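Read through the structure below, which is laid out as structure tokens, and then see the notes.
FYI, it's all coordinate maths here, none of it is from the lab. A quick note: this is a predicted structure, and the numbers were derived from the prediction, not measured. Counting neighbours? That spans all protein chains shown, and the Cβs are built from the backbone with ideal geometry, glycine included.
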Amino acid sequence: MIALSISKDVFDKDEIYSSLKYVKKYLLTPYGLRTLAPFEKGFKEIYTGKLKKRDSAYHQGTVWPFLFQFYYDIVKPNFYELESRFLKLLKKTNLLFPEIFDATYPYREKGAIHQAWTVAGLLYIMFKYGKIQKL
């Protein structure tokens, strides 16, 4: 998603379409994008345990909210889609935007309780695609 969002012109339309289809089907969650699809080898549903176990889950399915900004730069959503998604996120996190979420329902928030790149990514989306013009 990062590569597509910053350089779409180097990918053909079929590559973009198939990537978005895959992301929407396997990686997109209510709270961000998973880092690995649930059927892939090594997928970890929950980010928990001692450091070594958590480290093994960090990029093996864990959901990262900041990745929304790259996804939305490609799909260019309407405001109502964003509003619905982010109202759920705000309600779940109580205005604290965590670093990560578990990869599966109920998508418990994990990592840092208030992460700068998560906040920055969500603000980027709301300024660019939502109704927010300035704070």
Could you compute the FRET efficiency for Ser84 and Lys41, with r as their C-beta to C-beta distance and R0 at 35 Å, rounded to 0.05? 0.55
List the lysines whose alpha-carbon lies under 28 Å from that of Lys21, not counting same-chain residues fewer than 8 positions away? Lys8, Lys13, Lys41, Lys44, Lys76, Lys88, Lys91, Lys92, Lys110, Lys128, Lys131
Given 0.36 nm per residue, what is the gain on full extension from Ile74 to Lys128 after removing their alpha carbon distance, in nm? 18.2 nm
Find, among the chymotrypsin sites (Phe, Trp or Tyr not before Pro) in the range 37-92, those assigned to loop by DSSP (not H, G, I, E, B) with at most 15 other beta-carbon atoms within 10 angstrom. Phe39
Rounded to two decimal places and with Rh computed the Kirkwood way over Cα pairs, what is Rg over Rh for the range 2-129? 0.97
In the range 1-83, the trypsin sites (Lys or Arg not before Pro) that sit in a DSSP loop and have at most 15 other Cβ atoms within 10 Å of their own Cβ are Lys41, Lys50
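Roughly how big is the range 2-129's charge dipole about its Cα centre, with Cβ charges of +1 (Lys, Arg) and -1 (Asp, Glu), in debye to the nearest 20? Mind showing how you got there, number by number?
Values: 20 positive and 13 negative charges, 96 e Å.
Dipole magnitude for the range 2-129 comes out near 460 debye.
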